[in-house]
Amino acid sequence: MLYSFLMTADQIVKTLQNQKNPKNIAGMARFGIKPKKEPLGIAMPTLRNISKDIKHAHPQSPERHKLALE
């Protein structure tokens, strides 16, 4: 999946929420992992791919820094 358009922080959060994996959350619970906030259970390779796509969609510019500050 390639996110080739400029995304806002809200769009990124929605993208992450769409990748929520209840199976991984159940696995975390089996190992006694109790996060303070609601976990999403996103696999690290998936998370890395999303972040890489967002990084390439936001070239080195002030817009990229604004996104990081949101």
- Distance between modelled label sites at residue 23 and residue 44, nm, 7 Å Cα→Cβ extension: 1.9 nm
- Task: At 0.36 nm per residue, minus the direct Cα-Cα distance, what do residue 33 and residue 12 gain on full extension? Give it in nm, one decimal, please.
- Result: 5.1 nm
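Each reported figure results from applying straightforward, stated rules to the coordinates on display, with no laboratory input. This structure is a prediction, so every number in the text was calculated from the model and none was measured. All Cβ positions, even for glycine, are placed from backbone atoms using ideal geometry, and neighbour counts span all protein chains on display.
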